[in-house]
Every structure is written in C-alpha cells, then in structure tokens.
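What follows is calculated from the coordinates using simple rules that are stated; it is not laboratory data. What you see is a predicted model; the values in this text were computed from it and never measured. Positions of Cβ are generated from backbone atoms using ideal geometry, with glycine treated the same way; all protein chains shown enter the neighbour counts.
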Amino acid sequence: MNDPQPNNELTVTDLSKSFPTADEPLQVLKNLSLELNGGDSVAIVGPSGSGKSTLLQILGTLDHPDSGQVMIDGVDPFKLDEKKLAAFRNQKIGFVFQDHHLLPQLTVIENVLIPTIADGKPSKDDLQRATELIHSIGLSDRLGHLPSELSGGERERVAIARSLLMNPTLILADEPTGNLDRTTADAVTELLIELQQAQGAILITVTHSDALANAMKRRLELVDGQLVG
C-alpha cells in the first residue's frame, strides 16, 4: 500500500449552484463552505432533492458551481482546461457509487485497473497495487472473476478498491451501501473506512443510512443549501 498523505486537503468556499425552472432559478447550494484534511470522514445527509448529489458532482469536478471555489491540495480544478481537469480528477478523486459501475466484460483486476487506462497500459507497479488492494478487500481468489460471478457486496468492494487505486486525495461515495443488506452494508462500511484511514484520504459520503452516517467522524445535514452539523 502507498503511505498515507498527511497534506491531503479540501477547501470549499461560498459554493453556490442553481438550476433553471419555469419560474425562477432553483438554488440548491447557497454560499456553502467546508474544510477537510487527510483522514477526515464526513457523512452528508438530508432529504431527496436537498442538493446532496449536486454537491458531490461539483466536488468530483463533474459539474461546475455558479460561484464559489473548490480547492483540492491547493489547486482550483475549475481553472484547468478540459484535458488537465480529466487528468486531475483521475489522480485526485476516487468515486464509489451505489450501483458500483463495474464493466461486465472485465475481470475483477481489470476493473480495479481502469483508472490507469488514461495513461496507457498499466505498469507493473499499477498491477502490484491493484493486486494488493484486491487482497485487502478479501477477494484474492476472485482476480479473474467477472462481476456477474460476484455477490453485491463483493462488487461494491471491488468498486472501493478501484476508487483507491490512484491513491486519491478525495473519495466520494454516493449511497455506497444503498443496495446491500444490513450485514453486508456494515462490512462494506468498515472496509471503506479502514482503507480510507490507512491511505490518509478524505472520505465524503452521501447517504440516507443512519448506520453509515454514524460511522463517519462527522455528520452534516444539507439544509437550505448549507451544511449544518
């Protein structure tokens, strides 16, 4: 495993985002601010439609804010051109989705190695790290298996390993346990936190699960476009 990176940091300042409607714009984020460092973990909760997924999309640089600033390790990703932004996102941000988004035609190890494809063929170091991550999630005997041959919990664990491959600063998890039974969800939660802590990354998860939210160091609620805790 790569050593933890203690300088990992995320600073969000006065972030605002609205969407056009037939009447007036719907503002979902209003001057939202947040500051996190390596090893921090935060659950963002709130009702559907409160803007949780919008915030995650912006933090993941998949959507742009109307105003405000996002700084990841001292860099404003929205000032980068499209090519540099894609490379920055690949290096600095890991994603874990509710529906895991594994490619069905690829094996476990090939799915974990997907983030390296942007730089061409995976290196020996990439292959070694992927193998180590798969071992750490308890799937060493599944390296050559396809997603269809895995359980739901196993597929989510593969998604976690993939999100960690590039040793990112920021891990964004959108309902990572939403499709799992309670026992499997608890195991996946424990694994996600254990690996995030070992790597010194920042973990932000959006969830409706009290169990997952309570496992994070902080729990914040998105209310009227701002985070309160």
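Things worth noting here:
- Measuring nothing but how far apart in sequence close Cα pairs (under 8 Å, 6+ apart) lie, relative to its length, the range 9-228 scores a relative contact order of 32 percent.
- Mean-square fluctuations from a GNM of the chain, with a 10 angstrom spring cutoff on Cα atoms, peak among SER48, SER140, SER148 at SER48.
- Nonlocal amide H pairs with GLN27, under 5 Å, H built at 1.01 Å: PHE19
- With only Cα atoms counted, the range 147-187 has Rg and Dmax values of 11.0, 31 Å.
- Global form of the range 9-228, assessed from the alpha-carbon gyration tensor, a/c cut-off 1.5: prolate
- DSSP-defined antiparallel bridges as percent of all bridges, the range 9-228, nearest 5: 50
- Under a Gaussian network description of the chain, with springs only between Cα atoms under 10 Å, the residue in GLY74, GLY39, GLY49 that fluctuates furthest is GLY49.
- Peptide packing: for 164-174, 108-118, the average count of neighbouring Cβ atoms within 10 Å per residue gives the ranking 164-174, 108-118, highest mean first.
- For the range 9-228, lysine pairs separated by 8 or more sequence positions, or belonging to different chains, with Cα-Cα distances below 15 Å total 5.
- Mean residue ellipticity, 222 nm, helices only, the chain: the sum of -39500 (n - 2.57) across DSSP H runs of n ≥ 4, divided by residue count and rounded to 500, is -9500 deg cm²/dmol.
- Zone of SER148's modelled label, taken as backbone nitrogen in the range 91-125 under 16 Å from a point 7 Å along Cα→Cβ: 102-108
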